[in-house]
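Comments concern the structure below.
Bear in mind these aren't lab numbers, they're just calculated from the coordinates by the rules spelled out. In this text the structure is predicted, and so the values were computed from the model without any measurement. Using ideal geometry, Cβ is built from the backbone for each residue, glycine included, and neighbour counts are taken over all protein chains shown.
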Amino acid sequence: MSGQQINPDDALYVDMFIAKNSQTMTFIRSSYSAVLGLAAGTLGLTNWSGFIFYFLGSTFLSLLVFFIKTKGNPSLYFRQSFDVFTEGVLGGMLSYILFWTLLYGIIHVYD
């Protein structure tokens, strides 16, 4: 036992809680992406303006989580601090595109 060194960072994280935080972040981002898609489709955004709208909305959500939920210290809740900004972004984009094109097609079909 005296030959083993314990890394203090290993005791900081519990895998079950990290997985739950990542799952929650993915759910929040996916739900928010659906709402963003509804807004983009209703506004009639097309081409790059729709994608810019998604990335601005996603950045806004990440900043809200960063400052409000983690109180500026995401390393307590995620393995890497940058996970607040990257967790579920691509999966959320698929939800966004689905709702964006659906509402755009329903509302602006005769424009």
If one compares the long axis through the Cα atoms of helix 15-43 with the longest principal axis of the Cα atoms of the chain, the angle in degrees, nearest 10, works out at 10 degrees
May I have the extent of the alpha carbons of the range 15-107 along their three principal axes, as whole Å values ordered from largest to smallest? 44, 21, 17
Can you give the helix-only mean residue ellipticity at 222 nm for the chain, where every DSSP H stretch with n ≥ 4 adds -39500 (n - 2.57) and the sum goes over all residues, rounded to the nearest 500 deg cm²/dmol? -21500 deg cm²/dmol
Förster-model FRET efficiency, 22 Å R0, Phe60 and Leu102, C-beta, rounded to 0.05: 0.50
